[in-house]
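Trainee: Questions regarding the structure given below will be posed in turn.
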Amino acid sequence: MELTGDQFLKIRRIYRLSQKDVADLTGVSEAFICMVENGKRKLTPKVSTRLADKLDLNPAKVISLLEFYAQTEVIK
């Protein structure tokens, strides 16, 4: 499953995870997470898979989460 940096950021906010939390879950640095969210790097397939496994994500769930984000004021 491929996510854009913006989608990644929205999902992180929905789950109320910090960049450090996601870095720890996926085994990458906080700096990498920041670069992904700012569009300077892309999520690698390996990191995407780890994130999907840890958060139990699938394409349908991602769509639902992004729709929820669009309709809700998620606290940043």
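Trainee: Any chance you could count how many residues in segment 37-76 are among the hydroxyl-bearing types (S, T, Y) and part of a loop (DSSP other than H, G, I, E, B)?
Mentor: 2
Trainee: Let me ask something additional. On the basis of being touching a Leu at 6+ places or on another chain (Cβ under 9 Å), closer than 23 Å to S64 by Cβ and at pLDDT 95 or above, does L17 make the cut?
Mentor: yes
Trainee: Still on this model: Anything in segment 39-49 that is surrounded by fewer than 19 Cβ atoms within 10 Å (Cβ to Cβ) and either in contact with an Asp or Glu (Cβ under 9 Å, 6 or more places away or on another chain) or at pLDDT below 95 (or both)? List them, or say none.
Mentor: Matches in segment 39-49: G39, K42, T44, P45, K46, S48, T49.
Trainee: May I pose another question? Name the single residue, out of those in segment 50-73 being loosely packed, with under 12 Cβ neighbours inside 10 Å and of a type in the set (A, V, I, L, M), that is modelled with the lowest pLDDT.
Mentor: Here the answer is A70.
Trainee: Taking V22 and the conditions (1) assigned to a loop (DSSP other than H, G, I, E, B); (2) surrounded by 16 or more Cβ atoms within 10 Å (Cβ to Cβ), which numbered condition does it fall short on, given that it satisfies the others?
Mentor: (1)
The values are calculated or read from the model by the stated rules, or taken from the named source; none is laboratory data. A quick note: this is a predicted structure, and the numbers were derived from the prediction, not measured. Heads up, the Cβs are rebuilt from the backbone with ideal geometry, glycines too, and the neighbour counts pull from every protein chain shown.
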